[in-house]
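**Q** Submitted below is the structure of interest, expressed as structure tokens.
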Amino acid sequence: MERLRGTAEMTAAMMISGTIGWFVLVSGQAVIDVVFWRCLFGAGTLALVCLALGLFRRDVITLRQAGFAALGGVAIVLNWLLLFAAYPRASISIATAVYNTQPFMLVGFGVVFFAEKLTVSKLFWLGLAFVGMLGIVQAKGLGVSGPDYLAGIAMALGAAFFYALAAIVAKRLKGVPPHLIALIQVVVGMAMLAPLAHLSTLPHEAGTWAILGTLGVVHTGLMYILLYGAIQKLPTSLTGALSFIYPVVAVAVDLIAFGHRLEPLQIAGAAAILVAAAGMTLGWTPLRGKSAPRGMSAAVEGRKA
């Protein structure tokens with residue numbers, strides 16, 4: 001029963017994540033404003049959750065851990081800014097596919113900073129993702145994208161980089177309640193963006209406020225609650241597998257809401273990246289069909305969006 005509930009929670013969390021691009025684009029707001037209001041409404045939601053769970057105690061987190069959580073918050077906010085800016089430039093589908101290079105960013109950090117070894121399997125998946133990236137970039141010459149296409153791809157790659165950085169920082173926070181970490185992150189986001197947000201020209205439409213509120217309450221507060229609830233109930237392999245509901249939903253939303261149909265080369269490139277990311281995340285061994293044991297899935301150590 002617990003496994004079934006965890007599966008439902010993880011599925012719901014990934015479906016929520018997959019719709020975020022639609023809310024960002026239809027809000028009609030500048031990216032900085034969208035992220036600021038997401039942080040503000042998300043902070044309110046997460047503060048209530050932390051209060052209900054009794055997490056506002058001195059023994060829950062140390063000052064050093066709070067500093068690491070804040071550093072992770074800077075990375076998470078930069079991640080959101082770049083990803084949301086990539087959506088209108090490269091489309092939700094392509095930005096999401098490129099964003100799923102996160103596991104390879106984590107592998108790179110592991111090699112550079114933790115002297116981890118590159119196995120043959122990791123090199124295989126890295127090569128497949130690189131081929132997929134080449135396919136997506138080459139698609140620019142097929143008349144299927146606007147002049148900002150390459151900029152959008154670069155922003156999605158940058159977003160993946162900062163997500164991976166946040167995941168590395170999160171490794172220093174074992175034992176700290178994840179809801180409290182998320183709260184610290186969005187509070188840091190509010191502080192970062194308040195001087196830059198257009199607070200003197202607030203939206204007038206109720207619909208816009210509803211969208212911004214949904215991004216904070218649902219796509220941040222509720223999504224974190226569902227995600228971390230699922231992680232506590234499910235084995236890593238199933239959590240990692242279910243995390244790929246997110247890009248599938250994002251592509252479907254892009255098609256249904258905006259009519260963005262990918263060209264064959266883009267489809268092939270995106271598929272190659274997602275298969276490679278799945279192989280890396282789930283520890284698949286090419287040509288053997290076995291999975292190597294892994295720790296917490298890179299796909300769910302902080303959250304994609």
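The values are calculated or read from the model by the stated rules, or taken from the named source; none is laboratory data. This is a predicted model, so every value here is computed, not measured. Positions of Cβ are generated from backbone atoms using ideal geometry, with glycine treated the same way; all protein chains shown enter the neighbour counts.
**Q** So which residues in the range 151-183 are among the aromatic types (Phe, Trp, Tyr) and more than 14 Å from Phe84 (Cβ to Cβ)?
**A** Residue satisfying the conditions is Phe161 alone.
**Q** Okay, moving on. Can you tell me which of Ala271, Ala252 is closer than 18 Å to Phe23 by Cβ, in contact (Cβ under 8 Å) with a residue 40 or more places away in the chain and either surrounded by 21 or more Cβ atoms within 10 Å (Cβ to Cβ) or touching a Gly at 6+ places or on another chain (Cβ under 9 Å) (or both)?
**A** Of the residues listed, the single one that is closer than 18 Å to Phe23 by Cβ, in contact (Cβ under 8 Å) with a residue 40 or more places away in the chain and either surrounded by 21 or more Cβ atoms within 10 Å (Cβ to Cβ) or touching a Gly at 6+ places or on another chain (Cβ under 9 Å) (or both) is Ala252.
**Q** Going by the conditions given, is Val112 under 22 Å from the mean Cα position of the chain (by Cα), within 22 Å of Ala75 (Cα to Cα) and not in a loop (DSSP other than H, G, I, E, B)?
**A** no
**Q** OK, next. Any idea how many residues of the range 56-72 are within 20 Å of Ala167 (Cβ to Cβ), surrounded by fewer than 18 Cβ atoms within 10 Å (Cβ to Cβ) and not hydrophobic (A, V, I, L, M, F, W, C)?
**A** The number of residues fulfilling the criteria is 2.
**Q** Starting from the range 10-23, keep only residues that are among the polar types (S, T, N, Q), then list their pairs with residues that are part of a helix (DSSP H, G or I) whose Cβ atoms are within a distance under 7 Å, requiring at least 6 positions of separation or different chains.
**A** From residues that are among the polar types (S, T, N, Q), the pairs are Thr11/Leu242; Thr11/Ile245; Ser17/Met223; Ser17/Tyr246; Thr19/Val249; Thr19/Val253.
**Q** Condition first: of a type in the set (A, V, I, L, M) and more than 24 Å from Leu48 (Cα to Cα). Now tell me which residues in the range 207-253 satisfy that.
**A** Of everything in the range 207-253, those that are of a type in the set (A, V, I, L, M) and more than 24 Å from Leu48 (Cα to Cα) turn out to be Leu234, Leu238, Ala241, Leu242, Ile245, Val248, Val249, Ala250, Val251, Ala252, Val253.
**Q** Now for a different question. Between Val111, Val24, Val77, Val60, which is farther than 27 Å from Leu238 by Cβ and in contact with a Phe, Trp or Tyr (Cβ under 7 Å, 6 or more places away or on another chain)?
**A** On inspection, the qualifying residue turns out to be Val24.
**Q** Would you say Gly158 is modelled with pLDDT of 95 or more, surrounded by fewer than 21 Cβ atoms within 10 Å (Cβ to Cβ) and within 20 Å of the chain's Cα centre (by Cα)?
**A** Yes: the conditions hold for Gly158.
**Q** Still on this structure, I have one more. Pairs under 6 Å by beta carbon, first residue among the β-branched types (Val, Ile, Thr) in the range 65-78, partner part of a helix (DSSP H, G or I), six or more apart or different chains?
**A** Between residues of the range 65-78 that are among the β-branched types (Val, Ile, Thr) and residues that are part of a helix (DSSP H, G or I), the close pairs are Ile76/Ala166; Ile76/Gln185; Val77/Gly189; Val77/Met192.
**Q** Output the residues belonging to the range 201-249 that are over 26 Å from Met190 (Cβ atoms), out of contact with any Gly (no Cβ under 6 Å at 6 or more places or on another chain) and of a type in the set (Val, Ile, Thr).
**A** Thr236, Thr239, Ile245, Val248
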